[in-house]
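Just so it is clear, none of the values below were taken in a lab; they were calculated from the coordinates. Treat the numbers as computed from the prediction; the structure is a model and nothing was measured. Cβ placement follows ideal geometry from the backbone for every residue including glycine, while neighbour counts extend to all protein chains displayed.
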Amino acid sequence: MDNREIKDKLFDILVERLAISKDSITLEQRLSEDLGVQPLSTDSVDLLLEIEEKFGVKIDNDEYVRLLTVGDILGYLDRCINNGEDDEVD
């Protein structure tokens, strides 16, 4: 899966979960401050689980709290998927 496909799929998840328009999402947006997703809240955990399920990856909670922006998540997913890693990255 190339970066564009990962980005489109991630944006679709964010649109569905956060009820925002796809055109309004930027890679620089911070999950907490800009999108209202508080770390380890119910919404955050639900988002994490959906990302894991849709992309077939496992994101450790310690790693997830370091993913502060949409771009951070995209980069993490790209590394996991395109490096053949199906588990958390140390």
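Assorted remarks:
- Low-density loop positions, trypsin sites (Lys or Arg not before Pro), the chain - DSSP coil, at most 14 other Cβ in 10 Å: Lys58, Arg66
- Paramagnetic reach from Glu53 in segment 9-23 [backbone N under 17 Å; point 7 Å along Cα→Cβ]: 9-19
- DSSP-assigned coil residues among GluC sites (Glu not before Pro) in the chain, each with at most 11 further Cβ atoms within 10 Å: Glu28, Glu33
- Around Thr69: net Lys/Arg minus Asp/Glu count, Cβ-Cβ under 11 Å: -2
- q = 0.15, 0.18, 0.22 Å⁻¹, the chain: log10 I(q)/I(0) [Debye, one scatterer per Cα]: -0.49, -0.73, -1.15
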